[in-house]
């Protein structure tokens, strides 16, 4: 129902009072319209902010988990450092075996006899090398000898001492864990 002059006259309101009532009514109505328009703008902004929030949530879900990546990197770094340490230990042991008279092939075979977890390397050298090498030197003394003067090296790395390599072949078979000589 409209709030008009005709309506107010029908109610028996005086003409002076009608003008005052209409002016007050217009002021209140205009204030309400302004407030309503402000809420419309806020509602539109709310929709934009909600859409922006949802977009950020979606991007966040697509972004890899930083903690997971950090853990994977640390695991990879640890693996690489472990491999580097193992390689350093193996090379140091191989050098120590060669210094004790083992050739390249025998050194590779004898590396299997060491527990790399117990080997410590400092400045590229094995700590307590004498204690580590002692059991190997005793058990495989026949493999850890210097090459006799005048001996010739075969293509396979076996020292030939004029006995057609049978003694050295037997030593190599022993190191490889082959105890019977294969006949062809």
### Summary
Checked the range 67-112 against the a/c 1.5 cut and the a/b vs b/c comparison, axes a ≥ b ≥ c from its Cα gyration tensor; verdict prolate
### Query
According to a simple spin-label model (label point 7 Å from Cα along Cα-to-Cβ), what is the distance in nm between residue 78 and residue 123?
3.1
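The numbers here are math on the coordinates, done by the rules we state, and not lab data. Note that this is a predicted model, so its numbers are computed, not measured. Note that we place each Cβ from the backbone using ideal geometry, even for glycine, and neighbour counts take in every protein chain shown.
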